Amino acid sequence: MHVPVLIVGAGFAGSVCAERLAANGIKVLIVDRRPHVGGNAYDRLDAHGVRIHVYGPHIFHTNSQRVFDYLSKFTQWRFYEHRILARLGNDLYPFPINRKTINRLYGAAHDEAGIRAHLDHVRAHRDPERTSEDVVLNAVGTDLCDRFFRGYTRKQWGLDLSQLAPEVARRIVTRTNDDDRCFGDALQFMPAEGYTALFTSMLDHSNIEVQTNVGFADIRSRVTGDHLIYTGPIDAYFDYCYGALPYRSLQFEHEHLPAVARYQPVGTVNYPNEEAFTRITEFKHLTGQEHPGTSIMREYPQSEGEPFYPIPRPENATLYQRYQALAADESNVTFVGRLAQYRYYNMDQAVGAALKAVGRLGVPE
Ligand code: FAD
Ligand code: UDP
């Protein structure tokens with residue numbers, strides 16, 4: 001079988017490429033080894049009728065009007081600003097760290113200037129910042145680092161903060177005011193009918209054929225394309241010829257609580273220290289769904305399993321660059337997405353990267 005464009009992976013990267021090509025008159029076959037489209041953003045109703053995010057909580061936020069306008073063609077939005085509390089002992093504290101976090105923790109009553117003075121007093125001055133440890137210590141000093149960051153990071157990555165590139169910790173802002181939102185982005189919305197509905201709408205085009213439960217290996221020999229867009233792990237594409245790129249995986253523990261309307265006060269509670277899991281998410285906060293019961297998810301990080309997170313550290317970047325050099329020689333293949341580019345992309349960044357990738361193929365964004 002021959003197709004103009006074969007796309008491997010039906011997450012954001014692959015689906016955006018499919019939609020743009022199809023809208024511009026190019027026929028595509030998009031395959032995914034999973035039984036559904038949507039990649040890690042896939043959501044569905046659980047057995048009790050509560051909408052859950054199967055592969056972990058996905059909160060859409062962006063500063064890119066272009067990405068937002070593009071996705072708005074496929075979904076209505078529901079305004080939602082995510083909030084997190086961190087559990088230390090029996091108490092819950094706003095996270096990312098803000099004025100209230102510090103005042104509550106230390107029994108203080110600082111105004112903003114007082115918080116700034118406190119942080120100036122405790123922060124380190126590591127220059128340049130070479131690791132995530134440098135970033136956190138420069139932002140909040142040792143005590144807050146040990147309470148909120150060191151244990152969580154050790155669980156999440158199986159590594160110390162000092163072993164991770166600065167960009168990991170730079171995802172987290174520190175505030176001196178009372179803003180307790182997780183993200184500061186200008187646009188924070190959830191797809192009104194969920195992510196899967198967004199993907200279904202995006203892929204609903206006569207030029208797009210979708211095949212799920214189909215891995216690249218299954219069709220590599222029987223389907224040829226003038227062009228291939230590959231969004232799976234880049235090391236797998238090259239048969240791990242330089243060795244496996246490390247990815248961090250997760251095990252998700254879903255639980256439904258039938259007679260509990262609300263399990264926790266905010267969408268996510270982080271557990272930085274004792275527990276084996278990193279966080280509990282209660283989906284009804286994210287989706288706004290009304291239901292007499294509630295569904296929650298615990299995330300247990302692990303090294304084996306589905307590749308969920310590229311691990312940002314210098315030796316992995318070096319290994320990725322060797323694969324990237326091989327990719328540059330594959331003239332009829334585009335590598336795009338979180339796994340193929342080995343980049344800690346958020347959803348909006350994966351969409352942006354896909355729009356850019358099709359742009360390079362001469363297809364209007
Ligand atoms: P993916 O969604 O991983 O899609 C790749 C697809 O390729 C998968 O469906 C996979 O099955 C398929 N595939 C791989 N190999 C093959 C093969 N050989 N053959 C066929 N198919 C293959 N981003 C946010 O913006 N906000 C959040 O709150 C957020 N939370 C997250 C929470 C978790 C736990 C995780 C893991 C990620 C989160 N993200 C979040 C990031 C978000 O999931 C990604 O940015 C986005 O899904 C990337 O899209 P993608 O298409 O590059 O990759
Ligand atoms: N982090 C932390 N404590 C927290 C939350 C985050 O130490 O309570 C660190 C940790 O290293 C984590 C990183 O900040 O991997 C990025 O956090 P984010 O919430 O952005 O991770 P994601 O949602 O992508 O899993």
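At a glance:
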| item | result |
| --- | --- |
| 5 angstrom amide H check on residue 308, placed H, neighbours 5+ away | 248, 249, 250 |
| Peptide ranges 260-270, 326-336 listed from the most packed, as the mean C-beta count within 10 angstrom indicates | 260-270, 326-336 |
| Neighbour net charge for residue 297 - beta-carbon separation under 11 angstrom, K R +1, D E -1 | -3 |
| Summed side-chain charge close to residue 359 - residues other than residue 359 whose Cβ falls under 13 Å, Lys, Arg +1, Asp, Glu -1 | +3 |
| Most mobile of 179, 111, 239 in a GNM of the chain (Cα contacts under 10 Å) | 239 |
| Length gained when the stretch residue 365-residue 173 is fully extended (0.36 nm per residue, less Cα-Cα span) | 66.0 nm |
| Estimated 222 nm signal from helices in the chain, with DSSP H stretches of n ≥ 4 weighted -39500 (n - 2.57), rounded to 500 | -8500 deg cm²/dmol |
| Residue 260 versus residue 125: modelled label distance in nm, points set 7 Å from Cα along the beta carbon direction | 4.8 |
| For residue 126, net neighbour charge (Lys/Arg +1, Asp/Glu -1) across residues whose Cβ lies under 9 Å away | -3 |
| Inter-label distance for residue 300 and residue 329, nm, one decimal - labels placed 7 Å from Cα along Cα-to-Cβ | 4.3 |
| C-alpha center-to-center spacing [region 287-365, region 199-270] in angstrom | 10 |
| Projected label distance in nm at residue 73 and residue 100, using a 7 Å step from Cα toward the beta-carbon | 4.0 |
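FYI, it's all coordinate maths here, none of it is from the lab. All values reported here derive from a predicted model rather than from experimental measurement. All Cβ positions, glycine included, derive from the backbone under ideal geometry; neighbour counts span all protein chains shown.
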